[in-house]
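Working notes, beginning with the structure itself.
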Amino acid sequence: MHEVGLVQQALDIAFDYARRSGAETISLVRLSIGELSGVEPDAISFSFGVLTEGTMAAKAQLEMVNVPAVYSCNACEREFPLPDRLPVCPNCGGNSILEKEGFDLRVKSIEVT
Amino acid sequence: MTTHASPRVIAIEEAVQGKNQERADRNRQMFHDAGVLTINMMSSPGSGKTALLETTLARFEGRKKAAVIVGDLATDNDAQRLSGHGAEVVQITTGGYCHLDADMIARALSGIGLQGLDILIIENVGNLVCPATFDLGEDLKIGLVSTTEGEDKPLKYPSLFARVDAAVINKIDIGEIVGWDRAAAHFALGKAAPQAKLFELSARTGQGVDEWCTWLEGQMH
């Protein structure tokens, strides 16, 4: 389980933005969770509860936005999901596949007071 | 006096792994500046990463200057196994962490002299899931499987195999005994890692190891 480390990094980003804006508390943290980011929402949620204790985000809500995985083909430039995750373009059969979105965990936005 | 001010929204849109990526990019620059080839070896526990490294280091000894960073949850057993071939070996014990990240590599680099080095081999934590998504700054990712694991591992862990530059099938010497199906194994790797250069070898008997080492040498700067 590497979610604790990732949530700590997400919170560091959130704290940084909140402080720079002169906020006192964070009331909501919105994370976007890529389908293939390799994190479990339950573990994210658990880590968030533990790591926000005693911080400016102690009372913050966590909102998770799911982002489906989308690939694109270098040859034909189509975009598509790949349910079996094998790097073959369903359109032209090409093997040069790019990861477009849905592969990372992002801090989308925060709400502060 | 603070009242019940309505919350303000701050848009951020920042990737959490962005910090790892920055650090990985810096590592990559250091490797390039020093002219050292860096490879990241990933596999399940027990596929034979350390055994392959032992025999690889033995073949490079006296000809190519190598260093190794080895990651495990606990013990320095691997570092001890790998010492004695003239290569600097740095063990990272990750505690509970399931993969190496770029920052751990950066810290380990303080114990390694990159100048004059031909190859830096990073042996990742035995795990086919988490190491796939953490760039360390390496030039090449290597995925290792063995004949005892079943032929379809690459299809079960596609995100790792989709990223590897080379795939190594180890323990080829006991393939027959364990009922390993070569055609099925090649089919799985062809599907999951069509981009990868394939090697079949036995780290124990040395079969196929020369081809692997020759290829690695060809990748050095």
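What to note about this one:
- Single residue of segment A:27-53 satisfying the filter (modelled with pLDDT of 95 or more and of a type in the set (S, T, N, Q)) that is surrounded by the most Cβ atoms within 10 Å (Cβ to Cβ): A:Ser47
- Of B:Asp139, B:Asp118, all but one fail to be of a type in the set (D, E, K, R) and over 13 Å from the mean Cα position of the chain (by Cα); the exception is B:Asp118.
- All conditions in (1) away from chain B (no Cβ under 11 Å); (2) surrounded by fewer than 18 Cβ atoms within 10 Å (Cβ to Cβ); (3) more than 21 Å from B:Gln21 (Cβ to Cβ) hold for A:Ser72, with the sole exception of (3).
- Subset of segment B:1-23 (residues that are touching a Phe, Trp or Tyr at 6+ places or on another chain (Cβ under 8 Å) and either modelled with pLDDT under 95 or away from chain A (no Cβ under 14 Å) (or both)): B:Gln17, B:Asn20
- Leading residue by the ranking (nearest to the other protein chains (Cβ to nearest Cβ)) among those in segment B:100-110 that are more than 10 Å from the chain's Cα centre (by Cα) and part of a loop (DSSP other than H, G, I, E, B): B:Asp101
- Segment B:158-186 - residue that is without any contact (Cβ under 8 Å) to a residue 24 or more places away in the chain and outside any loop (DSSP other than H, G, I, E, B) and, of those, surrounded by the fewest Cβ atoms within 10 Å (Cβ to Cβ): B:Ala183
- Single match in B:Arg63, B:Arg81 (criterion: closer than 26 Å to B:Thr205 by Cβ, basic (Lys, Arg) and in contact (Cβ under 8 Å) with a residue 24 or more places away in the chain): B:Arg81
- Strands (runs of 3 or more DSSP E) contained in segment A:26-113 and holding at least 2 residues among the polar types (S, T, N, Q) and out of contact with any Pro (no Cβ under 6 Å at 6 or more places or on another chain): A:61-67
- Test: residue in segment B:55-75 that is surrounded by 21 or more Cβ atoms within 10 Å (Cβ to Cβ), closer than 27 Å to A:His2 by Cβ, away from chain A (no Cβ under 14 Å) and touching a Phe, Trp or Tyr at 6+ places or on another chain (Cβ under 9 Å): no
- Flag: A:Ile44 matches the condition of being touching an Asp or Glu at 6+ places or on another chain (Cβ under 9 Å) and among the β-branched types (Val, Ile, Thr).
- Residue ID - farthest from the other protein chains (Cβ to nearest Cβ), chosen from residues in segment B:120-134 that are farther than 16 Å from B:Val90 by Cα, in contact (Cβ under 8 Å) with a residue 40 or more places away in the chain and not in a helix (DSSP H, G or I): B:Gly126
- Exactly one residue among B:Ala188, B:Ala193 is touching an Asp or Glu at 6+ places or on another chain (Cβ under 6 Å) and within 14 Å of chain A (Cβ to nearest Cβ), and that residue is B:Ala188.
- Test result for A:Glu24, within 9 Å of chain B (Cβ to nearest Cβ), in contact (Cβ under 8 Å) with a residue 24 or more places away in the chain and loosely packed, with under 13 Cβ neighbours inside 10 Å: yes
- Of all residues making up segment A:75-113, the number that are touching a residue at least 24 places away in the same chain (Cβ under 8 Å) and at the interface with chain B (Cβ under 8 Å from one of its Cβ atoms): 13
- Residue list for segment B:132-149, restricted to those being at pLDDT below 90 and not hydrophobic (A, V, I, L, M, F, W, C): B:Thr133
- A single member of B:Gly218, B:Gly113, B:Gly137 is away from chain A (no Cβ under 14 Å), part of a loop (DSSP other than H, G, I, E, B) and surrounded by fewer than 21 Cβ atoms within 10 Å (Cβ to Cβ), and it is B:Gly113.
The values are calculated or read from the model by the stated rules, or taken from the named source; none is laboratory data. Computed from a predicted model, the values in this text were never measured in an experiment. For neighbour counting, all protein chains shown are included, and Cβ atoms are generated from backbone atoms with ideal geometry for every residue, glycine included.
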